[in-house]
Each structure stands twice: as structure tokens, then as C-alpha cells.
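Read through the structure below, which is laid out as C-alpha cells, and then see the notes.
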Amino acid sequence: MKHSFNNKTILITGGAGFIGSNVAFFIQNNYPQSNIIIFDIFRKEDINSEHNPKSFGHYKNLIGFKGNIICGDISNDDDLRSLNYYDIDYIFHFAAISNTRIYEQETIMRTNVNSFYKLLYIAKNHQAQLVYASSASVYGLSPSPQKIGNETPNTPYGFSKYAMDQIASYFVKKNPSIKIIGLRFFNVYGEKEYFKGNTASMIIQLGHQILACKKPRLFNESDKIMRDFVYIKDVVKACILASNSQRSGIYNIGSGMDRSFQNIVEILQKELNTDLSISYFENPYQEYQIDTRADISLSQEFLNYTPSYNLEEGIKDYLPYIKETFKWISK
């Protein structure tokens, strides 16, 4: 039986970020009697070694949000204690260092792994269902399709998510009454990702290049570089389905299809009625994954998850936001 979030309290860590804010608005719009708590550190001027903001949370992602907002750091015990005032029913845990190109191991492990223990105990103390963001990064360079059990992380970020999955599995064995569901997101794209900077999807980056009448830039042989691109509306659906699951587990969330970066440019140019030539350049990254495609069989079986958008449909639905954020750049 489907559950209702009405008259329930829902904590969303990282709720001012890309996925978190989309989940927040879905619940707010569909369950108006729910009590939603956004817990996010929000944007600071600090930048990391990749010249990106250290936090992607942004107030503009929450314009129109009507619930509770706490500015807090998941690594700070005092900030987490502010949650003691609430009786929490559901937790969506998205707060993390999510840049796969950051190699500061201590920072990543403290933020992603150490704080996860604290969230697990909050879930236990409140008897709350916990859905958390894992990542396809746990698969490293493993061949497609990527399946649960074939993890070979090759970055600190990927390893941190792999560690979280192991911790969650152990915690569930010790606390079987708590339902913990990890979702390994593949290449997510869609509305509210603008503030991720150059870690945002290639779809919005290439869209902005084309709108600026610039040659879209791709790595050499981008017709052979394949990714499982999954639209944000499918990701939100997966999160809601997971929160209703009576079975703890770890699941892949993707489209189940692999498409090339070249396909993105072709679809964007068709939708925008342009015919710009492509500027190709050498891929600067070593150990670059050539093909990702999620094996979603377990997600289909146990979460009843079936993606609704292919790449063409997702990009078409996404274009109004790409155009709107392009205006922000142009100002």
C-alpha cells in the first residue's frame, strides 16, 4: 500500500542542492500537510581544488518552499542537535561532498562517511525510514552493465560511497527494524542543477554553449563515450518509491540505457534548431570511464522503479530551465 507524507515529518539533508530540492518540492506539492525540514550548509564563497564552490546548496533552489530550513553542517554535532526538536518520520540524506574530481581523502571521508553514522543513529532513534544517495562512482572502471556486487571504486568519492553502502548493510543487520535504502544514482540531469557549476551535467553545459552560438565542445571520439543519463523526475520517483519500501537494500537508479555525448549535442541542436560544428579536443583525464549503463533489474523488482524518460524526452522537458538559466549567465 502506498504511504502518504501528510502529517509526517521529513528531513532532507542537502535539501538546497540539486536532488534534495527537487524531492522537497515534489513532497510539498503532492502532500501539502507534510512537515519538511531542509538541512543544508548553503553556498559559501570558499572554493575547492577544482575551483568549484565547496557547497552546491543555493537559496534560489528553494524559492517557493514553505517548510522549515536549518543552515547546518552534517559534520557538526551542534548543528545536528538542532534536529532533536523534531519527531522525524523519514530521512532523505543527500548532503555530501559530491565532486568526483576532489582527491582530499580526509575531508571526503569525514564529511561523507563519518557523518553517515550520525544520520543512521538519528534514523534509529526516531524509527525513521532512511533513503540516502549512493553513487555509480562505486563501480569505477567496471564494464557495462554495472551490477550490484561489481564495485571497484577508483576515486576517494567513489570509495566513500562504497563505504557508506557497507556501513548501511552492517547497520541494518544489527537493527532490522530500521529500513535503510541506498540509491546509486547514475548521470542525473535536470532542473535545479545550475548551481553545481562545472560539475553540472554535460546536458546543461552543452545547452548553454549552443545557446551562446558557440561550438559545442566534446572530447575526441565522443560518439564512443557512453553514459547512462537519468532525468531528475525519474530520480525523484525512485526516491519516493524507496521511502515506501519495506525492504532495505542498495539499488541502481539510471535509465538502463547508455547514450553518447555526441547524442546530447545532436538532440540539443535539433530542439534548438541549430547546426553548429563541434569543437573536439583531447580528453585530459586518465582512467576515464568509457561506458556506464545501470542494471536496474533489482530496482524494478523490489522498488517497482521504471524510468519514464529517455534522453530525447528528458532534454525536451528540461529545455525551458536551460534557457532560463542561460539568461542568468547573459545578464
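Just wondering, is there one or more residues in segment 69-91 that are in a strand (DSSP E or B), in contact with a helix residue (DSSP H, G or I) (Cβ under 6 Å, 6 or more places away or on another chain) and not hydrophobic (A, V, I, L, M, F, W, C)?
Going residue by residue through segment 69-91, those that are in a strand (DSSP E or B) are 69-71, 90-91.
Checking which are in contact with a helix residue (DSSP H, G or I) (Cβ under 6 Å, 6 or more places away or on another chain) leaves us with 70, 90-91.
Filter again for not hydrophobic (A, V, I, L, M, F, W, C), leaving 90.
Yes, because at least one residue in segment 69-91 is in a strand (DSSP E or B), in contact with a helix residue (DSSP H, G or I) (Cβ under 6 Å, 6 or more places away or on another chain) and not hydrophobic (A, V, I, L, M, F, W, C).
Condition first: closer than 12 Å to Ser299 by Cβ and touching a strand residue (DSSP E or B) at 6+ places or on another chain (Cβ under 6 Å). Now tell me which residues in segment 212-238 satisfy that. Break it down stepwise before answering.
Residues of segment 212-238 that are closer than 12 Å to Ser299 by Cβ, as a first pass: 230, 234-235, 237-238.
Scanning segment 212-238 gives Val230, Val235, Ala238.
Considering Gln269, Gln289, which residue is in contact with a Leu (Cβ under 8 Å, 6 or more places away or on another chain), assigned to a loop (DSSP other than H, G, I, E, B) and within 21 Å of Phe219 (Cβ to Cβ)? Before the answer, list the steps.
On the way: Gln269 fails: assigned to a loop (DSSP other than H, G, I, E, B).
On inspection, the qualifying residue turns out to be Gln289.
Mind listing whichever residues of segment 123-147 are part of a strand (DSSP E or B) and either surrounded by fewer than 19 Cβ atoms within 10 Å (Cβ to Cβ) or aliphatic (A, V, I, L, M) (or both)? If you could, list the steps in order and put the result at the bottom.
Narrowing segment 123-147 to residues part of a strand (DSSP E or B): 129-135, 146.
Correct list: Leu130, Val131, Ala133.
Restricting the first residue to segment 248-259 and requiring it to be closer than 24 Å to Val172 by Cα, which pairs with a second residue that is charged (D, E, K, R) meet a Cβ separation below 7 Å and a spacing of at least six or different chains?
Taking only residues 6 or more apart or on different chains, the pairs are Ser248/Lys179; Ile250/Asp165; Ile250/Arg184; Tyr251/Arg184; Asn252/Arg184; Asn252/Asp295; Ile253/Arg184.
Filter segment 138-176 down to residues that are out of contact with any Lys or Arg (no Cβ under 6 Å at 6 or more places or on another chain) and among the small types (Gly, Ala, Ser) and give me whichever is nearest to Gln300 (Cα to Cα).
Of segment 138-176, the ones out of contact with any Lys or Arg (no Cβ under 6 Å at 6 or more places or on another chain) are 139-143, 146-174, 176.
Next, only the ones that are among the small types (Gly, Ala, Ser) stay: 140, 142, 149, 158, 160, 163, 168-169.
Values: Gly140: 23, Ser142: 22, Gly149: 17, Gly158: 24, Ser160: 26, Ala163: 24, Ala168: 21, Ser169: 20 Å.
The extreme case among them is Gly149.
Quick one: what pairs do we get from segment 126-145, first residue farther than 16 Å from Tyr157 by Cβ, second part of a helix (DSSP H, G or I), C-beta under 6 Å, 6+ apart or different chains?
Gln129/Ser243; Leu130/Ala123; Val131/Cys239; Val131/Ala242; Val131/Ser243
Results for (1) free of Cβ contacts under 8 Å to residues at least 60 places away in the same chain; (2) over 30 Å from Pro153 (Cβ atoms); (3) buried (at least 17 other Cβ atoms within 10 Å of the Cβ), shown as yes or no for each residue.
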| position | (1), (2), (3) |
| --- | --- |
| Val23 | no, no, yes |
| Asn68 | yes, yes, no |
| Asn76 | yes, no, no |
| His93 | no, no, yes |
| Ser98 | no, no, yes |
| Val113 | yes, no, yes |
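Would you call Ile108 assigned to a helix (DSSP H, G or I), among the β-branched types (Val, Ile, Thr), buried (at least 20 other Cβ atoms within 10 Å of the Cβ) and touching a residue at least 40 places away in the same chain (Cβ under 8 Å)?
Numbers: assigned to a helix (DSSP H, G or I): yes; among the β-branched types (Val, Ile, Thr): yes; buried (at least 20 other Cβ atoms within 10 Å of the Cβ): yes; touching a residue at least 40 places away in the same chain (Cβ under 8 Å): yes.
The answer is yes for Ile108.
Kindly indicate whether Ser277 is within 28 Å of Leu183 (Cα to Cα) and at pLDDT 95 or above.
Numbers: within 28 Å of Leu183 (Cα to Cα): no; at pLDDT 95 or above: yes.
No, not satisfied.
Restricting the search to segment 309-324, which residues are farther than 14 Å from Tyr189 by Cα and either touching a residue at least 40 places away in the same chain (Cβ under 8 Å) or in contact with a helix residue (DSSP H, G or I) (Cβ under 6 Å, 6 or more places away or on another chain) (or both)?
Across segment 309-324, the qualifying residue is only Lys323.
Evaluate segment 54-64: report whether one residue or more is over 19 Å from the mean Cα position of the chain (by Cα), in contact (Cβ under 8 Å) with a residue 24 or more places away in the chain, crowded, with 20+ Cβ neighbours inside 10 Å and closer than 29 Å to His3 by Cβ.
Taking segment 54-64 first, the residues over 19 Å from the mean Cα position of the chain (by Cα) are 63-64.
Next, only the ones that are in contact (Cβ under 8 Å) with a residue 24 or more places away in the chain stay: 64.
Remaining after also requiring crowded, with 20+ Cβ neighbours inside 10 Å: none.
No, because not a single residue in segment 54-64 is over 19 Å from the mean Cα position of the chain (by Cα), in contact (Cβ under 8 Å) with a residue 24 or more places away in the chain, crowded, with 20+ Cβ neighbours inside 10 Å and closer than 29 Å to His3 by Cβ.
The values are calculated or read from the model by the stated rules, or taken from the named source; none is laboratory data. All values derive from a computational prediction rather than experimental measurement. Cβ atoms come from the backbone with ideal geometry, glycine included; neighbour counts cover every protein chain shown.
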